[in-house]
Amino acid sequence: MRDDNPNQRCLFETATGQAGYFTAAQARACGYSWALLSHHAANGRFVRVRRGLYRLRDYPSSPREEVMAAWLAAGSGAVVSHESALDLLGLTDVIPDQIHLTVPRSTRGRRPPRALAIHTSERPPDGAEVVIRDGMRVTGAARTITDMARAGLAPDQLSIAVNQALVRGLTTRDQILSAAHNQGARVLQSVGRLLDRSAN
């Protein structure tokens, strides 16, 4: 099959930063035509994970690769959040039973798989609230803590997350309060009490 001058190194470097996964759009940016992409999927060089998402067949598996796959499949506006962000940031010992993503409210409507929890937001995490972990866009410590306060995380786990984030320098008290302010009065009050306790 004639190829369209694909850049194999480009695709490998892209996939290497994403646990072996890549999107069809990323493959196109590396010079792979739709026909060539389909050809490599058919002969097994690429594994088609779901529509528009592929994985290099021989790439070694890694922890949390299912989070990477879900994040890539959700599109460019998605951010790993809530329990999944707590896990990636190492803020608590909560083990997520679903993969949590936050997407802009304008993208809602798709029914997520059972293992995926989609949170929609009129005010999606912006640049200052997002960090990169394992190649993924993840809500930073302050936004994650306040998202979890709003979601009703157990107070003892929330307290651990606050203390971990502050001790490790992932955020500041002022940043947490600012993020809580954007979540409403109930969250601001709850987070304020935790911060007062951690200061004593």
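The values are calculated or read from the model by the stated rules, or taken from the named source; none is laboratory data. Here the structure is a predicted model, which means the values were calculated and not measured. Methodologically, a virtual Cβ is constructed for each residue, glycine included, from the backbone with ideal geometry; neighbour enumeration extends over all protein chains shown.
The table for this structure:
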read-out	value
Given (1) under 18 Å from Gly75 (Cα atoms); (2) at pLDDT 95 or above; (3) in a loop (DSSP other than H, G, I, E, B), number of the condition Gly109 does not satisfy	(2)
Selection status of Val94, hydrophobic (A, V, I, L, M, F, W, C) and farther than 25 Å from Ala165 by Cα	no
Options Arg150, Arg173, Arg168: the member that is more than 21 Å from Ser76 (Cβ to Cβ) and touching a Lys or Arg at 6+ places or on another chain (Cβ under 9 Å)	Arg150
Some residue of segment 95-104 being touching a residue at least 40 places away in the same chain (Cβ under 8 Å), over 12 Å from the mean Cα position of the chain (by Cα) and either assigned to a loop (DSSP other than H, G, I, E, B) or under 23 Å from Pro63 (Cβ atoms) (or both)	no
Ile160 surrounded by 17 or more Cβ atoms within 10 Å (Cβ to Cβ), assigned to a helix (DSSP H, G or I), out of contact with any helix residue (DSSP H, G or I) (no Cβ under 7 Å at 6 or more places or on another chain) and assigned by TED's automatic domain parsing to the domain that holds Gly77	yes
Conditions (1) closer than 23 Å to Asp196 by Cα; (2) surrounded by fewer than 16 Cβ atoms within 10 Å (Cβ to Cβ); number of the one not met by Gly140	(2)
Matching entry among Thr120, Thr146 (being at negative phi and assigned to a helix (DSSP H, G or I))	Thr146
Complete set of residues in segment 143-155 that are among the basic types (Lys, Arg) and surrounded by fewer than 21 Cβ atoms within 10 Å (Cβ to Cβ)	Arg150
Unique match (being outside any loop (DSSP other than H, G, I, E, B), surrounded by fewer than 22 Cβ atoms within 10 Å (Cβ to Cβ) and either in contact with a helix residue (DSSP H, G or I) (Cβ under 9 Å, 6 or more places away or on another chain) or modelled with pLDDT under 95 (or both)) among Leu177, Leu170	Leu177
